[in-house]
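S.K.: One structure is given below, represented as structure tokens, and several questions about it will come after.
The values are calculated or read from the model by the stated rules, or taken from the named source; none is laboratory data. Since this is a predicted model, take the numbers as computed values, not measurements. Counting neighbours? That spans all protein chains shown, and the Cβs are built from the backbone with ideal geometry, glycine included. These accessible areas exclude ligands, DNA and RNA; they are computed on the full protein's heavy atoms, side chains included. Shrake-Rupley method; radii C 1.70, N 1.55, O 1.52, S 1.80 Å.
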Amino acid sequence: MTGKTTETTQTTATTESVDTDAGTARITWYRAKRPRLVLAASHGAGGGIGARDLQALAAALPAHGVTVALVEQPWRVAGKKLAPAPKTLDAGWRGVWPALAAPGLPVISGGRSAGARVACRTAAGLGAHAVLALSFPLHPPGKPEKSRADELLGAGEPTLVVQGGNDPFGKPEEFPDGDHRLIEVPYGDHGFAVPKRAEITQEQALELITEGVTEWVGSLG
């Protein structure tokens, strides 16, 4: 493992490289001063950890005793444009887990889009404390018959879904009943972007996410 430290406007971000069976992954740590939990979250298949929701959580949660670890999968670190097969994504996530658990704190397994699927598929086997699924891709756009609900329902740990009201990969009302909570971000698309004509601003949309996740994390035992 190798690492470096950079200053951000919110907190000190420390990066750590981790070798996995799928290649070298990278963790960017946003540490709480008195942490009680770690939220580990990875990106989707079409973007990185600069996603607005991931960055908002990294800025907000450390003040509430939650260290945030944003994970870049090996394919992303290597500069590839296409994500590999799910089993390779799962292998990368499992390989990073010992580093995520190293602080000795309960770890919430999370991610957005494809990263949310990985978190759900691997949570029980890794002993995750809970699961955070941001923009869970319930089905491919326009193909509701190709449901991935079994991954979500099979997470086996307390799960929070945060979903945009206009997400083409699955609107909140499409989600099945199950042992999970769901927060809707009105007007939000798959990246939680809201149109200018919406009744809420982009800032308010992100506040819904950070405040909802903060409340949920506080409710975890």
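S.K.: Of all residues in the stretch 118-154, count the ones that are open to solvent by less than 50 Å² (accessible area, probe 1.4 Å) and part of a helix (DSSP H, G or I).
M.R.: Summing the residues that are open to solvent by less than 50 Å² (accessible area, probe 1.4 Å) and part of a helix (DSSP H, G or I) in the stretch 118-154 gives 9.
S.K.: Moving on to the next point. What pairs come up if the first residue lies in the stretch 138-155 and is among the basic types (Lys, Arg), the second is surrounded by 10 or more Cβ atoms within 10 Å (Cβ to Cβ) and assigned to a helix (DSSP H, G or I), and their beta carbons are under 7 Å apart, counting only those six or more places apart or on different chains?
M.R.: 148/117
S.K.: Next up: Across the stretch 108-117, which residue is nearest to residue 169 (Cα to Cα) among those that are part of a strand (DSSP E or B) and either free of Cβ contacts under 8 Å to residues at least 12 places away in the same chain or open to solvent by less than 10 Å² (accessible area, probe 1.4 Å) (or both)?
M.R.: Ranking the candidates gives 111 first.
S.K.: Please name all residue pairs, on different chains or six or more residues apart, with Cβ atoms under 9 Å, provided the first residue is in the stretch 162-175 and is outside any helix (DSSP H, G or I) and the second residue is basic (Lys, Arg) and open to solvent by 10 Å² or more (accessible area, probe 1.4 Å).
M.R.: Partner pairs satisfying both residue conditions: 162/112; 163/171; 164/171; 165/171; 170/148.
S.K.: Any residue at all in the stretch 189-204 that's over 20 Å from residue 122 (Cα atoms), open to solvent by less than 70 Å² (accessible area, probe 1.4 Å) and in contact with a strand residue (DSSP E or B) (Cβ under 6 Å, 6 or more places away or on another chain)?
M.R.: Yes: the stretch 189-204 contains one or more residues that are over 20 Å from residue 122 (Cα atoms), open to solvent by less than 70 Å² (accessible area, probe 1.4 Å) and in contact with a strand residue (DSSP E or B) (Cβ under 6 Å, 6 or more places away or on another chain).
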